[in-house]
Structure formats: C-alpha cells, structure tokens
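Here is the structure we will look at.
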Amino acid sequence: MTAKSPEIMVDLIKVSKTYPPRVHALVDVSLTVHAGEMLFLTGMSGAGKTTLLRLLCRGETPDKGLVEVAGQDLDRLSGSGLQQLRRRIGMAYQDFKLLPRHTVAENIALAMEVAYRKRSFIRKRTRELLEKLRLADKYATPAGELSRGEQQRISIARALANMPDLVLADEPTGNLDRETTALVMDLFREHEERGATIIIATHDRELFSDGSHRVIELTAGQLRSPEEPGRTGEQSLHNEEASQ
Amino acid sequence: MNFLRAIVGQTLRNLRQTWSSQLVTLLTISLSVLIFSFFFLVYINVLNAGRQLGDNLRLIVYLDEEPSKPLQEEYRQKILKFDRVEKIEFVSSQQAYERFRKQLGHDQDVLEGMPRDFLPPSIEVYPIRSLSSLTRIKRFSDYLQTLPGVLKVQYGREWIDRFYSFVKLMRVVVILSGMLLILTTTFMVAHTIRLTLCSRERELELLRLLGASNHYIRAPFFLEGALQGLAGSVCGLVALYVFFDWIRLRFAGSAMLNLFPFTFFPVPVILAIVAASTLLCASGSFSSTRRILRL
C-alpha cells in the first residue's frame, strides 16, 4: 500500500463501475479531495453520484481503478482494517437506512456504539445533535413514526455522531425546507471547521451558490467542473500532473 | 466496559423485539430439560435404591465340611483376591443350628431329635456397598462356586438380575433423552437465531456499513443463546421440582417411598445441568451466527 500525503483524504484514480447488464455508473473517474475540504458533487439523477459515495465507504467495489481513503487502498482493506476505517466515515444515505422500530436516540447512538464510545458521551452527543437539528422532542420516538424530513435529519445526525474524519452525504436536503436546510448546512460547516472532509451529493444548486466550495459535476458517469465546461474536472487535472 | 454495555444493550433490545420466537424457543428448551432431568432423576434414585438394597446383600457359601482355622484363612485370602469385601463371616454348623432355632421361636420343638450339626457350615460374604458390586455379584458368585469344598452359593439372583436390567434400561433412556436435549436445544437455538438474523438483515447490513466489529455483531447472538439456555434450564428444573414435590406429597407414607427415600438432585448436579444447557445453546447460537453471517 502506498502511503499518501496526510492532506489527501480521498483519492480516486481512473475508477469505473458498471452495473449489469451494461449500465456505466462511473467511467474512468479521477478525483482528489483534501482533508478538511467541503466538496459538492452535483449532476442529474443516475449520473453516478450515489455510486461514487458508496465506493468511498466500500459499500461498492470498483470494476477498475484505485480508491484510496485516508491513504488506504480500499480494495486491499478487509476485516478489522475496513471496520476501523468505516468508523472514521459518516455517511448519510439517500434512503436514510434508519431502523424503524428503534427510537431516534437508538438510531443515532448506533454509530457511536459500534465505536465503543462511553455511554455518557453517546447520550450527550445524541441530545446535542437533536437540539441542533430541532428534533430534541423526538428523542424516544421510533424512527418509523417520523416524517421523511425528520428521518433525513436523523440520518444526518447519525452520520455526524461519531465525529468522523470523512462525511459523505447523499442528497442530505432533498426532503427539507429552506430553514431546515440551513440548519443542516450549519452543522456540516461546523464539522468542516473542525477539520472533517465533507462530500455532499446534491441537486440543490443553492447549497453551493455562494461559490466558496469546490463543485464537481457528474455527467453520465464522468466528472466535470461546472465552472469550466470544456474541461473534464479532476480527470484532466490528473492527466496534467502525470505529464509533468 | 463500553463493549459489554453495548453488547448487553443490543441483546436486550433484540430479546424485546423478537419475544414471540424467543418464547417458543424457551418453552422447547424447558421441555427438553424437563424430559431429560426427569429420567435422570429417576435413574439417580434407582441407583440410590440399589445402593440401599446392596446394604442387605450377602452371599452365603455352603461348605461340605467344617473348615479348620488354616482353611478359613485360605478361603479368606481367595475371596479377597477376587474382590474387596465389607465383611467375611464363618458360620459353623452349630452356629447355624442356633440361629435357626432362634428364628423358629415358639416352634423350636420341631428340631427335637434332630442332630445339632444337620445344617451345613457356611461362609457369609458381604460385598462392598455399591451398585458396581451389585452388578458384579453374579461373577463373584461364579467365582466362589469354584472354590474347593463349596456345595452351593446362594443370593437373591433373580431379584438382582431384574434390578440390573432395569438400571441398564434407565441408563439407555437417560442417554437418549440427553441426546434429545442436545438436538432440540442446538436446533431450536440455531433456528431462532436464523429467524432473528433474517428479520434483522437490514440492521446487520447497517452495522457493517457503520464499521461494527465481528465481535460486536456476533456477541449479542451468543449472549442471547446463552440466556435462552440458562432460562430454559432453570424453568425446566423448576417444573421438575414442582412435579417432584407433588409426587412426594401425594405419595407420602406409601410403602415404596418409605422403603427408598425419593430425593431431588444435589446442588452440583443442578448446576451441571444448567451449565450444560447454557453452553449447548451458546454454542448452537455461535455456530449458526458464524455460518449465516460468514464472520
């Protein structure tokens, strides 16, 4: 395994993923994300955003190419190495992946329990996140009884609960109103300031309209920077580096 | 400590959520333990009864003539060479006559005119008081029959043979019910765990994505199996004790219970049954989880 610079959190080199029969979700995608960076991943539905995020937490494996997170080649990781890395990643899924019969607190606590956090820490952190997301009154409510917007916030709270180094959020504001979206983005920014790397896959252009963060667009499985329409994003960046 | 808390929390949560299938498993385990321990209890009491009966057991070796002191010593040596015994007693013709006369009581006059040495001298051999000596008694008798000067060897042969057959039958029943216990507990626990795993497929997938260790995923199932075994064996033994107590009260004063004291398991046996059941269920759960989750 090649030891990477600590500043690089995510490194994808010529990564391709095809689903049967012949759906090319990602085609030769190369991308580098630095530690502490907040990156927006945009593109139409089916452009490959979710696949890219799933590759980063080894929810999927690429057909081709290299995926490195925190300097570790995910293809070579297994067993406790993979488990430890996953504890450093917080992912908010588009389909939330909540346990409907578990309470809100139990759902959030799960991410901290698997990391064997102290009970007092878990309780405190859960309450803190719920308060920030204005869901404190739902502490003991079964997740299945919440609205979709509330479930989405719980999914985000669980992703952030364990203070991860890498946060992956798949359409985190898809079911939220403007006010709640602002709360969620504040929470992401708070973690960015703490040094976490955050990758947000979203349709919502308002989230990155202030231009303060890098935006990458996926089109039919290929990367593109919307600000520079003629250039295929990180892919050409890597080609330039290679030719030097 | 955090690991333990997390595991116990997970286990309790799971027990709460799958209580109906847990209850069926608990009942099955309790019933298996009840069946096994019932037969085992009967077997243990039969063994005790055998030991008690063995206390009164003796072999009477009739001799053709009165043995001299050196011959008595020779007989003693030969008997001890075969097996250890509780006591060896030589009864002369004279002593046998006196015993018989006392036994006749008021009817002693029937002995009038009879010579005082008309009864043969004998050796009374009292084997060690244990069931094994009871089962070896036939071989002992055959051996004594081969000694020089022996006319006949007498003991309650028919009774011992029947008793021994019963003990053998009970032993087979106990082994079979023990196997039933092993099969039902491991199968039922494995089955329940499989059902639980299927119903919690989404949760287990999520735990993997969150980075849960194999121990974290597997330990609650292991603990769950152990708890089922523990609770099932305790319930089964309590049910057996209630049944045992009922029998003791219902048949109090009956000739059979007066003859042989009917006792419950001693504490070490109870602990051994509980431990074995707990271990069986835990291992059933462990292997099932390992196979299904491929951890």
For the range A:35-49, list residues with backbone N below 14 Å from a point placed 7 Å from the Cα of A:VAL23 toward its Cβ? A:45-49
If you take the charge dipole of the protein assembly as shown about its Cα centre, with +1 on Lys and Arg Cβ and -1 on Asp and Glu Cβ, which of B:PRO115, B:PHE166, B:LEU176 is farthest toward its positive end? B:PRO115
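Can you tell me how chain B classifies by the Cα gyration tensor, rounded, prolate or oblate, using a/c under 1.5 as the rounded cut? Kindly include the intermediate steps, with their values, before the conclusion.
Values: a/c = 4.87, a/b = 3.13, b/c = 1.56.
Prolate, since a/c reaches 1.5 and a/b exceeds b/c.
Which percent of the accessible heavy-atom area of the range B:58-155 goes to carbon and sulfur, probe 1.4 angstrom? Working shown, then result.
Details: 2950 of 6000 Å².
That share works out to 49 percent.
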Label 7 Å along Cα→Cβ of B:ILE247; the range B:264-281 residues with amide nitrogen under 20 Å? B:264-274
With labels modelled as points extended 7 Å from the Cα through the Cβ direction, what inter-label distance (nm, one decimal) is found for B:VAL110 paired with A:ARG76? 10.4 nm
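As an exercise, use a Förster radius of 45 Å and the Cβ-Cβ distance of A:SER209 and A:THR61 to find the FRET efficiency, rounded to the nearest 0.05.
Working: r = 35 Å, r/R0 = 0.77.
After rounding, the FRET efficiency stands at 0.85.
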Solvent-accessible area buried by B and A, counting both chains, probe 1.4 angstrom, square angstrom: 2100 Å²
Using 1/(1 + (r/R0)^6) with R0 = 35 angstrom and r between the beta carbons of B:GLU205 and A:MET44, what's the FRET efficiency to the nearest 0.05? 0.80
With charges only on Cβ, +1 for K and R and -1 for D and E, what is the dipole size of the range B:58-155 about its Cα centre, in debye, rounded to 20? 620 debye
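Could you work out the relative contact order of chain A, using alpha carbon pairs under 8 angstrom and six or more residues apart, expressed as a whole percent? Working shown, then result.
Numbers: 455 pairs, mean separation 68.0, N = 244.
Reported relative contact order: 28 percent.
Averaging sequence separations of C-alpha pairs under 8 Å and six or more residues apart, then dividing by the length of the range B:58-155, give the relative contact order as a whole percent. Kindly include the intermediate steps, with their values, before the conclusion.
Details: 126 pairs, mean separation 50.2, N = 98.
Over the range B:58-155, the number comes to 51 percent.
Would you work out if the range B:42-121 is rounded, prolate or oblate? Take a ≥ b ≥ c from the square roots of the eigenvalues of the alpha-carbon gyration tensor; rounded if a/c is under 1.5, else prolate when a/b is larger than b/c, oblate otherwise. Walk me through the numbers on the way to the answer.
Numbers: a/c = 4.13, a/b = 1.35, b/c = 3.05.
Verdict is oblate for the range B:42-121.
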Could you grab the relative contact order for chain B? Cα pairs under 8 Å, six or more apart, rounded to a whole percent. 31 percent
Note, the range B:196-212: 3J(HN,Hα) by Karplus (6.51, -1.76, 1.60, θ = phi - 60°), whole Hz, Gly/Pro = x, goes 4, 4, 5, 6, 10, 4, 4, 5, 5, 4, 5, 4, 5, 5, 7, x, 5
Rounded to the nearest 20 debye, what is the charge dipole size of the protein assembly as shown about its Cα centre when +1 sits on each Lys and Arg Cβ and -1 on each Asp and Glu Cβ? 1100 debye
Got a sec to turn the phi values of the range B:272-287 into Karplus ³J(HN,Hα) couplings, 6.51 cos²θ - 1.76 cosθ + 1.60 with θ = phi - 60°, whole Hz, x for Gly and Pro? 5, 5, 5, 5, 5, 5, 4, 5, 4, 5, 5, 6, x, 5, 4, 5
P(r) tail for the protein assembly as shown, what percent of Cα pairs lie past 43 Å? 49 percent
What's the longest uninterrupted piece of chain B once you rule out the GluC sites (Glu not before Pro) that are loop residues per DSSP with at most 12 other Cβ within 10 Å? B:113-295
Please say if chain A is rounded, prolate or oblate, where rounded means a/c under 1.5 for a ≥ b ≥ c the square roots of the C-alpha gyration tensor eigenvalues, and otherwise the choice is prolate for a/b larger than b/c and oblate otherwise? prolate
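The values are calculated or read from the model by the stated rules, or taken from the named source; none is laboratory data. This one's a predicted model, so the numbers in the text were calculated from it and none came from an experiment. Quick reminder, even Gly has a Cβ in these numbers, built from the backbone with ideal geometry, and neighbours come from all protein chains shown. Note: areas computed on protein heavy atoms with side chains; ligands, DNA, RNA excluded. Shrake-Rupley method; radii C 1.70, N 1.55, O 1.52, S 1.80 Å.
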